[in-house]
Amino acid sequence: MIVFDLKCGGDHVFEAWFKSSGAYEEQRTQGLIACPFCGDVNVNKAVMAPAVAAKGNQAPDKPPVAPAAFKAALAAIAQLQAKQLETSTWVGGAFAEKARAMHLGDAPEAPIHGQATLAEAKSLVEDGVPVAPLLVPVVPPAARN
Ligand SMILES: [Zn+2]
């Protein structure tokens, strides 16, 4: 005996047993195989995705990270960052200059955040100035430009 997944013209998928592959072909051409759902005799072997076929009616595996969970994680990071920035001063494009001045003791230490070019950021890190990139882009406060 041999089992085939069959599909009718109405997209119903069902299993049927046959003595052999030849018996299936013979019965099919004679219109002896009918869909159990709608009676359609226009049936063919169903092409199914391996993961679905192997587990029958189970749904395929879920993606590792659901979009909703990813958004929630991003929102949590944004919230954490916003809290840290509450006590920090926006210095805009003067960030590199001010951060370096604080590091050298030319200015009082205070938490600041602002913008720096890639070259400025690299230079700060090379000189041992403690800086870190913002994980979430910050919209510069227009009033302080
Ligand atoms: Zn059918």
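The values are calculated or read from the model by the stated rules, or taken from the named source; none is laboratory data. Just so we're clear, the structure is a prediction, and the values are computed from it rather than from any experiment. SASA here: full protein model, heavy atoms, side chains in, ligands and nucleic acids out. Shrake-Rupley method; radii C 1.70, N 1.55, O 1.52, S 1.80 Å.
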**Message:** Keeping every protein chain present and rolling a 1.4 Å probe, give me the accessible area per residue for the range 71-145 in Å².
**Reply:** 73 Å²
**Complete:** Amide H neighbours of Leu6 at under 5 Å, excluding residues fewer than 5 places away on the same chain, with H built from the backbone geometry, are Phe14, Glu15, Ala16, Ala46
**Fill in**
HN-Hα couplings for the range 115-124 via Karplus (6.51, -1.76, 1.60; θ = phi - 60°), in whole Hz with x for Gly/Pro, come out as 10, 9, 6, 4, 5, 4, 4, 4, 4, 4
**Complete:** For Trp90, other-chain or 5+-apart residues with amide H closer than 5 Å (H placed, Pro excluded) are His113
